[in-house]
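Trainee: Shown below is the structure under consideration.
The values are calculated or read from the model by the stated rules, or taken from the named source; none is laboratory data. It should be emphasised that the depicted structure is a prediction, and the values quoted were computed from it without experimental measurement. Counting neighbours? That spans all protein chains shown, and the Cβs are built from the backbone with ideal geometry, glycine included.
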Amino acid sequence: MFSSLRVRNYRLFAAGQVVSNTGTWMQRIAQDWLVLSLTGSSAAVGITTALQFLPMLLLGLYGGVIADRYPKRQLLLMSQAAMGLTGLALAALTLSGHVQVWHVYVTALLLGLVTVVDNPVRQAFVVEMVGQADLRNAVSLNSANFQSARLVGPAVAGVLISAVGSGWAFLLNGLSFAAPIAALLLMRTAELHPAVTAPRGKGQLREGLRHVAERPELIWPIVLVGFIGTFGFNFPIWLTAFVNDVFHADASTYGLLNTLMAAGSLAGALLAARRGSSRFRLLVGAALLFGLLEIAAALAPSFWFFALLLVPIGMCGLTINVTANSGIQLASDPALRGRVMSLFMMVFMGGTPLGAPLVGWITDAYGPRVGFLAGGAVSLLAAAGVGLALTRAVGVRLRVDLRRGHQHVVFVPRRRTTEESAGESAGDSAGNAAGGSPGGSAERVAAPAA
């Protein structure tokens, strides 16, 4: 479960990140509650979230080009310092009593611009610290690290907001970035696994997009996380609305709900760290269950039933993220990994500017329950659609057998039509004539799905 921690550079990285992530979660909670206090609007919370992720949607692929072109450790030093400065600026405005909602909007947008580079670089830097063998484990532990901080950050933020206000949470977040900066400076560069850097050239964005489009094991998981990230992960909007409008509670309750979700996410991350592979069926199954659980939470009759459902929701959401993330990294060409991961992060996080205002408007207009239910329904439908597409891509179909003594649900080879068989035979003949191997594309798809 913790094999990646044998690597000194990764231990330093993980230690710095847990401090910084705790501060980040404190700022997220404080920022959402500050906007709600200033405006009284769930849509305003959605706008703040959208502004933070809008740069990823518009510029995310360029962040991937930068990640592939320049040394990642130096890029992380600059991005982490810039993110710390945004926290300190918001702290100064809030503690001085001059903060207005547009200040929060601007700070969120600036943070999003830095994230365009920071996210793909941080994702692609993992393999440089631990190598290919421990990549899946390190990705899972990164998520466990993030969720461990999520257990502490919201709870501390809730207490600070209730006791002394949001400004101190912003201040502590700004100071917390000293830890990852120190960790990066203390790393032994000779022990890193340097990646091949891409030289300047035309068409690098198109090259990355073409690489993804030609590989079903890349494109369909990215499509799935895009739908779920856009419509299913709008928890700042839903949880603030449920706390304020349904349960009529305060910031400490909001922190409690985030902590419960983090507990489930942490469990999901640790379970993912124990797994030896990332399977498509696990990804799709977790996405289906995620949508069903969100619908159930939207209809929850009581506070504690709602709160307890957040634990498995967090577990499923984390499983989706880790399984897609590690599977995509391992299936990508190393020279294109930064661009592939930037596309992954762009659709996962960059879809929020599209989904958050819409979900915020639905929540304001029709109530928190309808907003939450709509997000769960979209996630469920996306999982079903992508699951069908993946089964066709790997040449299998789902068979249900309810007879006693038989395996009830199993994947079996899909029967080919006459046209498909003829087309495949023609393709194999052409491939053999050209000196290639038949069915190369199918082999490439089937391997990670096994």
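Trainee: Out of PHE344, PHE348, which single residue is under 18 Å from the mean Cα position of the chain (by Cα) and at pLDDT below 80?
Mentor: Numbers: PHE344 fails: at pLDDT below 80.
After applying the criteria, what remains is PHE348.
Trainee: Within region 133-144, is there a residue that is surrounded by fewer than 16 Cβ atoms within 10 Å (Cβ to Cβ), more than 24 Å from SER342 (Cα to Cα) and among the aliphatic types (A, V, I, L, M)? Talk me through it step by step, then tell me what you get.
Mentor: Of region 133-144, the ones surrounded by fewer than 16 Cβ atoms within 10 Å (Cβ to Cβ) are 133.
So of that shortlist, the ones also more than 24 Å from SER342 (Cα to Cα) come out as none.
Checked against the condition, which is being surrounded by fewer than 16 Cβ atoms within 10 Å (Cβ to Cβ), more than 24 Å from SER342 (Cα to Cα) and among the aliphatic types (A, V, I, L, M), region 133-144 yields no hits at all.
Trainee: Taking the criterion of being among the basic types (Lys, Arg), over 19 Å from SER143 (Cβ atoms), in a helix (DSSP H, G or I) and touching a residue at least 12 places away in the same chain (Cβ under 8 Å), would at least one residue in region 256-277 satisfy it? So that I can check it myself, show each step before the final result.
Mentor: First, pick out the residues of region 256-277 that are among the basic types (Lys, Arg): 274-275.
With the extra rule that they be over 19 Å from SER143 (Cβ atoms), the set shrinks to none.
Taking every residue of region 256-277 in turn, none turns out to be among the basic types (Lys, Arg), over 19 Å from SER143 (Cβ atoms), in a helix (DSSP H, G or I) and touching a residue at least 12 places away in the same chain (Cβ under 8 Å).
Trainee: While we're looking at this one, here's another question. If you go through region 62-98 one residue at a time, how many are touching a Leu at 6+ places or on another chain (Cβ under 6 Å), surrounded by 23 or more Cβ atoms within 10 Å (Cβ to Cβ) and more than 18 Å from MET26 (Cβ to Cβ)?
Mentor: Count: 0.
Trainee: Let me ask something additional. Hey, any hits in region 19-42 for a residue that's surrounded by fewer than 21 Cβ atoms within 10 Å (Cβ to Cβ), within 30 Å of ALA190 (Cα to Cα), of a type outside the set (S, T, N, Q) and in contact with a Ser or Thr (Cβ under 9 Å, 6 or more places away or on another chain)?
Mentor: Within region 19-42, one or more residues are surrounded by fewer than 21 Cβ atoms within 10 Å (Cβ to Cβ), within 30 Å of ALA190 (Cα to Cα), of a type outside the set (S, T, N, Q) and in contact with a Ser or Thr (Cβ under 9 Å, 6 or more places away or on another chain).
Trainee: From ILE362, ILE313, ILE320, grab the single residue that is among the hydrophobic types (A, V, I, L, M, F, W, C), free of Cβ contacts under 8 Å to residues at least 40 places away in the same chain and buried (at least 19 other Cβ atoms within 10 Å of the Cβ). Walk me through it before giving the result.
Mentor: Numbers: ILE313 fails: free of Cβ contacts under 8 Å to residues at least 40 places away in the same chain; ILE320 fails: free of Cβ contacts under 8 Å to residues at least 40 places away in the same chain.
Testing whether each residue is among the hydrophobic types (A, V, I, L, M, F, W, C), free of Cβ contacts under 8 Å to residues at least 40 places away in the same chain and buried (at least 19 other Cβ atoms within 10 Å of the Cβ) leaves just ILE362.
Trainee: Being at pLDDT 85 or above and of a type in the set (Gly, Ala, Ser) is the filter; apply it to region 353-370 and report the residue that is farthest from PHE306 (Cα to Cα). Explain how you work it out, then say what you get.
Mentor: Step one: list which residues in region 353-370 are at pLDDT 85 or above, which gives 358-370.
Filter once more, so that each one left must be of a type in the set (Gly, Ala, Ser): 360, 365, 367.
On the way: GLY360: 19, ALA365: 21, GLY367: 15 Å.
For region 353-370, the residue satisfying everything is ALA365.
Trainee: List the residue pairs whose Cβ atoms are under 7 Å apart, where the first residue sits in region 81-92 and is within 14 Å of LEU113 (Cα to Cα), the second is in a helix (DSSP H, G or I) and acidic (Asp, Glu), and the two are 6 or more positions apart or on different chains.
Mentor: Hits for this filter: MET83/ASP118.
Trainee: While we're on this one: Of the numbered conditions (1) more than 28 Å from LEU58 (Cβ to Cβ); (2) at pLDDT 85 or above, LEU135 satisfies every one except a single condition; which is it?
Mentor: So the condition that LEU135 fails would be (2).
Trainee: What's the total number of residues in region 282-337 that are more than 21 Å from GLU214 (Cα to Cα) and part of a helix (DSSP H, G or I)?
Mentor: Our first condition is that a residue be more than 21 Å from GLU214 (Cα to Cα); within region 282-337, this holds for 282, 285-322.
Still in the running and part of a helix (DSSP H, G or I): 282, 285-298, 303-322.
The number of residues fulfilling the criteria is 35.
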